[in-house]
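Written below as structure tokens is the structure these notes are about.
The values are calculated or read from the model by the stated rules, or taken from the named source; none is laboratory data. Computed from a predicted model, the values in this text were never measured in an experiment. Here the Cβ is made from the backbone with ideal geometry for all residues, glycine too, and neighbour counts use every protein chain on show. Surface accessibility is based on the protein's heavy atoms, side chains included, excluding ligands, DNA and RNA. Shrake-Rupley method; radii C 1.70, N 1.55, O 1.52, S 1.80 Å.
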Amino acid sequence: MAATIETLEKDIEAIKSQLELASNPMADEKRMEMVMGLIMHGGSIKGYALQAIKAAREGDFDAAKNFLQQSADEDKLAHDSQTEMLTKAAQGEPVPIDIYMVHAQDHVMTGIATRDLAVEMVALYQKLADENK
């Protein structure tokens, strides 16, 4: 019975925390740092990928590969943040989903999709360059 009361009290505190955060999502500074980090990394994933395409289009394949690596490095940083959130959720900690988090995840997904296409485009530009030698 005591364990049940403890569990209920813990659940009530988690709900209170969620409600408090829902009314002011900017109040949780650590969480907002994570959200802003995801937005930043997502933008960097995409930005480096676009720079890789531009470098490949100009025939600078070493730079293109470097930009793709930088894009992959940013992807890993974003993935690490996502893994941290998933771990917290798996451990029963509340992980609020609000418009800020949705926006951050959108940036990450857009960046990843852009990088995936950039890898293919750089390879295509390389193939065309090799065929025209």
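Enter the accessible area per residue of segment 58-133 (Å², integer; probe 1.4 Å; all protein chains in place).
Values: 4960 Å² over 76 residues.
In whole numbers, segment 58-133 has 65 Å² accessible per residue.
Sequence gap at least 6, Cα distance under 8 Å: using those rules, report the relative contact order of the chain to the nearest whole percent. Each step should come with its number before you reach the end.
Numbers: 127 pairs, mean separation 47.4, N = 133.
Relative contact order here is 36 percent.
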* Taking all pairs of different Cα atoms in the chain, averaging 1/r and flipping that mean, what Kirkwood radius in angstroms comes out? -> 17.0 Å
* Structure fact -> Within the set 104, 52, 113, GNM on the chain using Cα springs under 10 Å gives the largest fluctuation to 113
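Just to verify a number: FRET efficiency for residue 87 and residue 66, C-beta to C-beta distance, R0 = 35 Å, to 0.05? Mind dumping the intermediate values first?
On the way: r = 32 Å, r/R0 = 0.91.
Calculated value: 0.65.
For the chain, which whole-number percentage of the solvent-accessible area (1.4 Å probe, protein heavy atoms only) is attributable to carbon and sulfur atoms?
Of the solvent-accessible surface of the chain, carbon and sulfur hold 60 percent.
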